[in-house]
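Chemist: Dumping the structure here so I can ask a few things about it.
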């Protein structure tokens, strides 16, 4: 696609979850005007990022480690209200308070090399030609489905965490949950109250961590994920290296045998699963709580992927194209990490803009910052 007709501005932000809104907030503080100096594009139908798609039984009180967006605390939330509603309303209020003018629903199909040193961002509402792109697309749109022998023969229902409707729908059924992360344990604890039977299968022994996740432990976990990204390897989630937090609910579930884990099966049968030692499990449902992969397919034309399969980043900048910043990717996939990455990306972007135009910008707001 030719860049002719593409709308020129300084920055395009793709995604309006935690990382994208954090970046938009800091762009405004840096003096860029929404819809003039920068634009935020989001393919979701409403505010809330990936939270708006979470299952109804995941109440706000069950959410671990939700950090407020910069400049506006989330206070007074009902812990018994669905997290999708609480956080969706919070994100909507945040967008309105800071005038972020998110464009939605807008699909970004590709990001290519443009002309004059600009990128070309192709979208369902037309093309943009920014000098920098902040990619905050997260992972929710790319659920990971492993493949096992016999999977296509299973006569029951298979679904992923991304499509999980809540536990009531599985009343009286035998549910096999696959996956050793936080979603898997949450599903099991809920399903145990409704299902006829639950079974838990993971590739490796789950690691339960007692005690608080303090700052030092969090930094260590983030550093391990960051090292993979620096080496161009596909990122692991921060949760995968911190272990599973042991709450009172987890202790009760372990005592009842709800979280008794079995090793990974060898194959799927028409009626369940089978191991090489001859053991079998009969199941009506297989629930794949197997995580997600970064949603970065639209960046493929820029050829950012490394031989190791991941996108190598130096800070937030993509190593193969410094105009592209990755936030909510790898070490910044947690909510607090997303906030920090949004701020860091904007600092880097603004330095680049200063170098290229001496600080003039294409459509800068008057004044250095907006009131908060």
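The values are calculated or read from the model by the stated rules, or taken from the named source; none is laboratory data. Nothing here was measured: the structure is a model prediction, and the numbers come from that model. All Cβ positions, even for glycine, are placed from backbone atoms using ideal geometry, and neighbour counts span all protein chains on display.
Chemist: What's the total number of residues in the stretch 238-263 that are surrounded by fewer than 17 Cβ atoms within 10 Å (Cβ to Cβ), in a helix (DSSP H, G or I) and modelled with pLDDT of 85 or more?
Modeler: The qualifying residues number 6.
Chemist: Please indicate, with yes or no, whether at least one residue in the stretch 78-98 is over 22 Å from residue 165 (Cα atoms), outside any helix (DSSP H, G or I) and under 16 Å from the mean Cα position of the chain (by Cα).
Modeler: So far as the stretch 78-98 goes, no, none of its residues is over 22 Å from residue 165 (Cα atoms), outside any helix (DSSP H, G or I) and under 16 Å from the mean Cα position of the chain (by Cα).
Chemist: To continue, here is another question. Scan 268, 286 and give me the residue that is more than 30 Å from residue 137 (Cβ to Cβ), modelled with pLDDT of 85 or more, in a strand (DSSP E or B) and over 19 Å from the mean Cα position of the chain (by Cα).
Modeler: Step by step, each of 268, 286 is checked, and only 268 is more than 30 Å from residue 137 (Cβ to Cβ), modelled with pLDDT of 85 or more, in a strand (DSSP E or B) and over 19 Å from the mean Cα position of the chain (by Cα).
Chemist: Can I ask one more? So residue 117 fits all but one of (1) within 28 Å of residue 291 (Cα to Cα); (2) in contact with a helix residue (DSSP H, G or I) (Cβ under 8 Å, 6 or more places away or on another chain); (3) surrounded by fewer than 15 Cβ atoms within 10 Å (Cβ to Cβ); what number is the exception?
Modeler: (1)
Chemist: Another question, if that's okay. Just checking, which of 56, 45 is in contact with a strand residue (DSSP E or B) (Cβ under 8 Å, 6 or more places away or on another chain), surrounded by fewer than 17 Cβ atoms within 10 Å (Cβ to Cβ), assigned to a loop (DSSP other than H, G, I, E, B) and in the same structural domain as residue 16 (by TED's automatic domain parsing)?
Modeler: 56
Chemist: When the stretch 273-323 is examined, which residues are found to be surrounded by 20 or more Cβ atoms within 10 Å (Cβ to Cβ), touching a helix residue (DSSP H, G or I) at 6+ places or on another chain (Cβ under 7 Å) and under 27 Å from residue 26 (Cβ atoms)?
Modeler: 310, 312, 313, 316, 317
Chemist: Quick one: which residue in 37, 76, 15, 20 is without any contact (Cβ under 8 Å) to a residue 12 or more places away in the chain, assigned by TED's automatic domain parsing to the domain that holds residue 129 and either closer than 26 Å to residue 347 by Cβ or surrounded by fewer than 17 Cβ atoms within 10 Å (Cβ to Cβ) (or both)?
Modeler: 76
Chemist: So which residues in the stretch 240-296 are at positive phi and touching a residue at least 40 places away in the same chain (Cβ under 8 Å)?
Modeler: Once the filter is applied, which keeps residues that are at positive phi and touching a residue at least 40 places away in the same chain (Cβ under 8 Å), the stretch 240-296 yields 272, 291.
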